[in-house]
Every structure is written in structure tokens, then in C-alpha cells.
């Protein structure tokens, strides 16, 4: 089921950061952790994939560390 998100831009003196937000329900369903590292993968101009870089053990608990890329 598609869930809408929001793209925001903040105009600052020295930079213009962009933010993509998604609902807390998605973060909870995916069991994201605060400060977790993710990467964005551009598939094409209409598809942006979010990939988590950590690993999950068989018990479903987060492991510390990142995959080697």
C-alpha cells in the first residue's frame, strides 16, 4: 500500500539541505533505530530506493556495524 511522504527544502545562508520525511508507522514497521545509517540508490528519475546498511540477526535484533560496500 503506497504511503505519501513529503519533500522539504530549507533555505539557509550557506547551504540548501533537502529532507524526505515518511510516517512514523513506516519507521516502526521497518524497526528503524535512531541514528541508523542508510543510503539512497537512484534507480531512475521516478524511483529512489532507501537501503539500510546495518545487518539484522536471525532473532530480529539489530547488529552493530555496517556492511562493507
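The values are calculated or read from the model by the stated rules, or taken from the named source; none is laboratory data. What you see is a predicted model, and the numbers here were worked out from it, not measured in a lab. No Cβ is skipped: glycine too gets one built from the backbone with ideal geometry, and neighbour counts run over all protein chains shown.
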Considering only the range 1-20, how many residues are exposed (fewer than 10 other Cβ atoms within 10 Å of the Cβ) and assigned to a loop (DSSP other than H, G, I, E, B)? 12
Considering the range 39-69 alone, what residues qualify as being at pLDDT 90 or above and closer than 20 Å to residue 3 by Cβ? 40, 41, 43, 46, 47, 48, 49, 50, 51
Taking the conditions exactly as written (surrounded by 10 or more Cβ atoms within 10 Å (Cβ to Cβ) and at positive phi), does residue 39 satisfy them or not? no
